[in-house]
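Below: the structure, in structure tokens.
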Amino acid sequence: MPLGLLSFCLDYGRQADHPVGGVFASITKRFSLFGEPDFYQLIEELRDFRNTYVAHQEKDLTDIDMAHAALIKWIGGLLRIYRFHHAID
């Protein structure tokens, strides 16, 4: 799932003030389970890094320490997404 879509669904799932039915009700129902603010923040950080340094290459990634820290965060984030996904099956 693209990070932008995941980010939207996590954010939308945290909000109870949008009583819209259909697919939006499903988003609220399923993604409200992942309402931890730190998880949403992690996804936002991964998305921002991806957009800045990988997908759109707005900046060059020349700092090895930053690259190393980002790789560790990405691996941890992917593991966390995997665990959340498989915990609800």
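The values are calculated or read from the model by the stated rules, or taken from the named source; none is laboratory data. Predicted model only: the values in this text are computed from it and were never measured. Cβ placement follows ideal geometry from the backbone for every residue including glycine, while neighbour counts extend to all protein chains displayed.
Some points to look at:
- Residues in the stretch 41-60 that are surrounded by 11 or more Cβ atoms within 10 Å (Cβ to Cβ), of a type in the set (Lys, Arg) and farther than 16 Å from Leu79 by Cα: Arg50 only.
- Selected residue [in a helix (DSSP H, G or I), at pLDDT 95 or above and loosely packed, with under 10 Cβ neighbours inside 10 Å] from Asp38, Asp65: Asp65
- Tally of residues being free of Cβ contacts under 8 Å to residues at least 12 places away in the same chain and either touching a strand residue (DSSP E or B) at 6+ places or on another chain (Cβ under 7 Å) or closer than 17 Å to Gly4 by Cα (or both) across the stretch 59-81: 1
- Members of the stretch 40-58 found to be out of contact with any helix residue (DSSP H, G or I) (no Cβ under 6 Å at 6 or more places or on another chain) and free of Cβ contacts under 8 Å to residues at least 12 places away in the same chain, listed by number: Gln41, Asp48, Asn51, Thr52, Val54, Ala55, His56, Gln57
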